[in-house]
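These notes concern the structure reproduced below.
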Protein chains: 2
Amino acid sequence: MSAVLKKRARGARAGDYERPAGLSRFARRLLAEWKRLELPASGAPVVVAVSGGADSVALLLALDELRRAGRLSVSPVVAHLDHGLRASSSEDAAWVAELARRSGYEFEQERARLKAGAGYAPDNLEQAARQARYEFLARVCARHEAQVVLTAHTMDDQAETVLLRLLRGSGAEGLGGMEPVRLLSEGAAPLLARPLLNWARRAETVEYCRGREVEFRRDEMNEDESFARVRVRKRLLPLMLEFNARAVEGLMRTSQLLREDARVLNRLAKNLLEEAREETSASKDLQGGLSVQILKGAPEGLRRRALRLWLVEARGSLRRLEMVHLLAVERLLSGERGGRRAELPGGAYVERRRGRLLFRAKRVENGGAHD
Amino acid sequence: MSAVLKKRARGARAGDYERPAGLSRFARRLLAEWKRLELPASGAPVVVAVSGGADSVALLLALDELRRAGRLSVSPVVAHLDHGLRASSSEDAAWVAELARRSGYEFEQERARLKAGAGYAPDNLEQAARQARYEFLARVCARHEAQVVLTAHTMDDQAETVLLRLLRGSGAEGLGGMEPVRLLSEGAAPLLARPLLNWARRAETVEYCRGREVEFRRDEMNEDESFARVRVRKRLLPLMLEFNARAVEGLMRTSQLLREDARVLNRLAKNLLEEAREETSASKDLQGGLSVQILKGAPEGLRRRALRLWLVEARGSLRRLEMVHLLAVERLLSGERGGRRAELPGGAYVERRRGRLLFRAKRVENGGAHD
């Protein structure tokens, strides 16, 4: 810290944040986002997922910079999952281990049992890898009693996610992309936080690593265009940036706006669901179902969300539930004649009986009813 | 209509729509959408905007097919605005006049006074052309006492609109794209309806024209990549279609879902605005403003929409109002110190005084207050 900057810092008015003099711009922005997201400021262990790529190395280095400058006193635990998908993956693991050792941080690693080509389509492989990674991170958190896991997703990752979902015709929930902070798994701590998501371009993480003179690893799977995400990254996003140099920021803003919308709408949909459920039914058999009349009177945007909440609850997950199923259930509301049953993936179905929608699990107790 | 099909039509159960036997698929789909949008079924004059391109020629031909088959009895008035931007534009006008004459429909044309290069950026030129066109269509409607104008925007146009707005980081309102039916100008009839928007790909309009053996005109401005829309059409959309052959349908579905969301949210925002306005203030000077406390307590998605509604009302239009202005007004809600004023384009501003947000028009009566 230079003498001049120290003076200015001392001269700051009370109530100002301390001036983060001497910090790199990257670390300053991380600190600002850290505060905005209300992440733990002191003492606590935080698990940092480090693949060895520029994004995660930059995140770790910037945390290190903030610790050394006395601006954060969290204790990073470096976590690395070797997906075992590439010949070089154990070298990556050793490299990350060495980075952690030099920084003086604890290091945790595991090797996953995913196999490329073993029955996975590329995009399913990506999903399986993500799930293995999140389960690993949950174990590391438990081991270290950490309340927070950090991943280094950038604004570019968010833009790619939004575009991938746009290609599938998603609504606000899908286009809302990743949350900067959410629970790692549903219903329980630890938190998963992405402190680079809202502001860091991928190129800035590379630049920051170079400025710190720290190497990073390259993942050749990031070059493999059999992954939809890689195609979006290598071809679609560059074209959009050619049209508008701030397209990534645009996509990020869109995702923020739509996340806010989805929050409001899902809260209202929950109310609608309760209302549709509460309207009592004379027949005991029909209880637990939803009132057709109440759903019919609600605006489409809320009705569809209420039905989705209901089905997720009844089925235990959103797995394989597509818009086409929701639309089929919705059609039961208006159907005067014909189909009074909408099939769901996995054999369950929804039927309409005497003014109620009823969820029927795969195996019907009285047998035979499921033709 | 073949004898067999006639028989099937007669055999249809009561309550079914009549079976549109003998109609082309394109005309059948137009008829289905016509009913879904509840457009006038009989007798009424409808103004059809015909540029001479495949989209608008297909729309006119399909209306003609439905009329001849006795399925619609509206009276088309063909309207063509010669924008005067190209050497060949008067040939287009003559060509459309001839098409109308052969079909036996009334024909209306005007020549606009736009000049390419006369101080317009390409995208502003596009906007000026659209405005001139809509004003012309309103005049034609008035002349013929028509309640409906039809334009031939397709699903491809909708996809392009969504992508253009995505590049700018729009929220649900922007990404909702064009409405299939809206008022031509705010607050008053006639309706502007786009009966191809929800289902027709541009290629289908070309195919339908060819099937009917009717020529159409090509607009070389549709090839000019100085227009953002043309760049999106010629480069971005084809790439997305390479990734997902149903990307246009996906974009269309996204736009429908987001329009539904925006409808619900804007209704709620209107309520919030009323609430924030009604909370009375002791000082007469502060009346007409909005309660900071009520706005602060509302979710972001609603608050921002309420502020936008308020500003549009106070300023008389949305003109030049950008997200950055809304965010500045929003910051007044949380600002403890510092800026108590947010500037708006055109010199008006919003200030925060004793717990209220107040709109101040450009010229302040007591003078001097505007520094």
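The values are calculated or read from the model by the stated rules, or taken from the named source; none is laboratory data. What you are looking at is a predicted structure, and each value in this text was computed from that prediction instead of being measured. Neighbour counts run over all protein chains shown; Cβ positions are idealised from the backbone, glycine included. Each accessible area value is taken on the protein alone, full model and side chains, heavy atoms only, with ligands, DNA and RNA left out. Shrake-Rupley method; radii C 1.70, N 1.55, O 1.52, S 1.80 Å.
A few points about this structure:
- Over segment A:56-205, volume per residue of the alpha carbon convex hull, in Å³: 136 Å³
- Spacing of the two label points (7 Å from each Cα toward its C-beta) at residue A:275 and residue B:274, in nm: 1.5 nm
- Shape of segment A:155-197, Cα gyration tensor, a/c cut at 1.5: oblate
- Only Lys, Arg, Asp and Glu carry charge here, each on its Cβ (+1 for the first two, -1 for the last two); on that basis segment A:115-181 has a dipole of about 260 debye about its Cα centre.
- Built amide H within the under 5 Å cut-off of residue B:356, gap 5+: B:292
- Dipole-positive endmost among A:292, A:44, A:346 within chain A (Cβ charges, Cα centre): A:292
- Positive-end residue, the protein assembly as shown charge dipole about Cα centroid, Cβ charges, pick of B:326, B:125, A:335: A:335
- Global geometry of segment B:128-228, whether rounded, prolate or oblate, following the gyration tensor of its Cα atoms and the 1.5 cut on a/c: oblate
- Within the accessible area of the protein assembly as shown, the carbon and sulfur atoms contribute 47%, probe 1.4 Å, all protein chains present.
- Surface exposure of segment A:106-258, expressed per residue as accessible area with a 1.4 Å probe, stands at 47 Å².
- With a Förster radius of 51 Å applied to the C-beta separation of residue B:220 and residue B:354, the computed FRET efficiency comes to 0.30.
- For the protein assembly as shown: rounded, prolate or oblate by the Cα gyration tensor [a/c cutoff 1.5]: prolate
- Entry note, chain B: the mean residue ellipticity at 222 nm calculated from DSSP H runs of n ≥ 4, each adding -39500 (n - 2.57), is -15000 deg cm²/dmol after division by the residues and rounding to the nearest 500.
- Antiparallel content of DSSP bridges confined to the protein assembly as shown, in %, to 5: 45 percent
- Axis angle, to the nearest 10 degrees, between helix A:247-278 and the longest C-alpha principal axis of chain A: 40 degrees.
- In the assembly of identical copies, residue B:186 has its label point, taken 7 Å from Cα in the direction of the beta carbon, separated from the corresponding points by 4.4 nm (ascending, one decimal).
- Members of segment A:224-267 that become less accessible by 50 Å² or more once partner protein chains are added (1.4 angstrom probe, chain alone as reference): A:235, A:236, A:239, A:240, A:243, A:253, A:254, A:257, A:260, A:261, A:264, A:265
- Translational diffusion of segment B:28-79, µm² s⁻¹ [Kirkwood Rh, Cα pairs; Stokes-Einstein; 10 °C; 1.306 mPa s]: 142 µm²/s
- Inter-copy label distances at residue A:320, shortest first and taken from points set 7 Å along Cα to Cβ: 5.7 nm.
- Chain B - share of DSSP beta bridges that are antiparallel (%, nearest 5): 45 percent
- Among the trypsin sites (Lys or Arg not before Pro) within segment A:52-136, those in coil by DSSP and having at most 15 neighbouring Cβ atoms inside 10 Å are A:86, A:113, A:115.
- GNM remark for chain B: springs join alpha carbons under 10 Å apart, and the peak mean-square fluctuation among B:207, B:279, B:126 falls on B:279.
- Sparsely packed GluC sites (Glu not before Pro) within segment B:19-66, loop by DSSP, other Cβ within 10 Å at most 12: B:38
- Positive-pole candidate from B:238, B:181, B:74, dipole of chain B, charges at beta carbon: B:181
- Computed from backbone phi with θ = phi - 60° and the Karplus coefficients 6.51, -1.76 and 1.60, the 3J(HN,Hα) list for segment A:127-137 is 5, 4, 5, 5, 5, 4, 5, 5, 5, 4, 5 Hz; x is used for glycine and proline.
- For residue B:143, the distances from its label point to the matching points in the remaining copies are 8.0 nm, ordered from shortest, with each point set 7 Å beyond Cα toward Cβ.
- GNM result for chain B, Cα springs below 10 Å: residue of B:193, B:146, B:348 fluctuating most strongly: B:348
- Cα-derived Rg to Rh of chain B, Kirkwood definition: 1.04
- Taking label points 7 Å from Cα along the Cα-to-Cβ direction, residue A:182 and residue B:331 give a separation of 3.0 nm.
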